[in-house]
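Worksheet: one structure, shown below.
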Amino acid sequence: MNQVASMESKLPRVPNCCFFVPLRIGALIVSVWMLIWFAYTGVVVLLTSLGSSIAYTIFWKALGACYIILAVGAFYGAHAIYYQIPHRVATFVRVYLIAFIFYIVANIAFLVVVEIATSAALADAKARCEKAYQDAGQPIGNCDVYTNGVGYSIVGWIIPFIIGTLWQSNSELTPK
């Protein structure tokens, strides 16, 4: 009982969610929406065949399983919010904060890998184009036509990503 009282004193006292919805109902709506979205996405990703290689298929099946696990976590949170169990709500919030940080790190890693793979593919395409000109005995033409404007610039996506994440995090965590 003492642990519950100490957790309740640490929880922020915000009366409304989204300016007009009572906090309990707003939190319940968000957690139920997370449950529905993660369960739907997990099932779709698990049942959809998205590749020809075994590694690609295993990746997508593992991603679908992760979404199902997130749906179970959202159910845990919805149950805790509905029945007003403060220590479970605190656990739910803590776990989803950790999941949010992991999601950001995983997205940055994924984007870096995609950028490296795209840059390597474009460099290979340019090299093949130049080799084709050489094999044909012609002067090297403009092989940049096929690769210009394609690819990702780290500065082009990382700065807006960080600003957007910080803005979203601060607006969601700051009590109104």
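Read-outs throughout are calculated quantities, based only on the coordinates presented, and are distinct from any laboratory measurement. Quantities reported herein were computed from a predicted structural model and do not represent experimental measurements. Cβ coordinates were reconstructed from backbone atoms using ideal geometry, including for glycine residues, and neighbour counts include every protein chain displayed.
Label sites at Ala121 and His87, each approximated as a point 7 angstrom past Cα along Cα to Cβ, lie 5.1 nm apart.
Residues Ser119, Ser31, ranked from the fewest to the most other C-beta atoms within 10 Å, line up as Ser119, Ser31.
Rounded to 0.05, the FRET efficiency of the Val95 and Ile58 pair, given R0 = 25 Å and the Cβ-Cβ distance, is 0.50. For the stretch 27-130, chymotrypsin sites (Phe, Trp or Tyr not before Pro) meeting the loop criterion (DSSP other than H, G, I, E, B) and having at most 15 other Cβ atoms within 10 Å: Tyr83. Note on Ile54, Ile116: ascending count of other Cβ atoms within 10 Å places them as Ile54, Ile116, the fewest first.
Per residue, the convex hull spanned by the Cα atoms of the stretch 13-111 measures out at 114 cubic angstrom.
For Leu47 and Tyr133, the difference between the fully extended length at 0.36 nm per residue and the C-alpha to C-alpha distance is 26.5 nm. Computed from backbone phi, the HN-Hα couplings of the stretch 30-36 come to 5, 5, 5, 4, 4, 4, 4 Hz, rounded to whole numbers (Karplus: 6.51 cos²θ - 1.76 cosθ + 1.60, θ = phi - 60°; Gly and Pro given as x).
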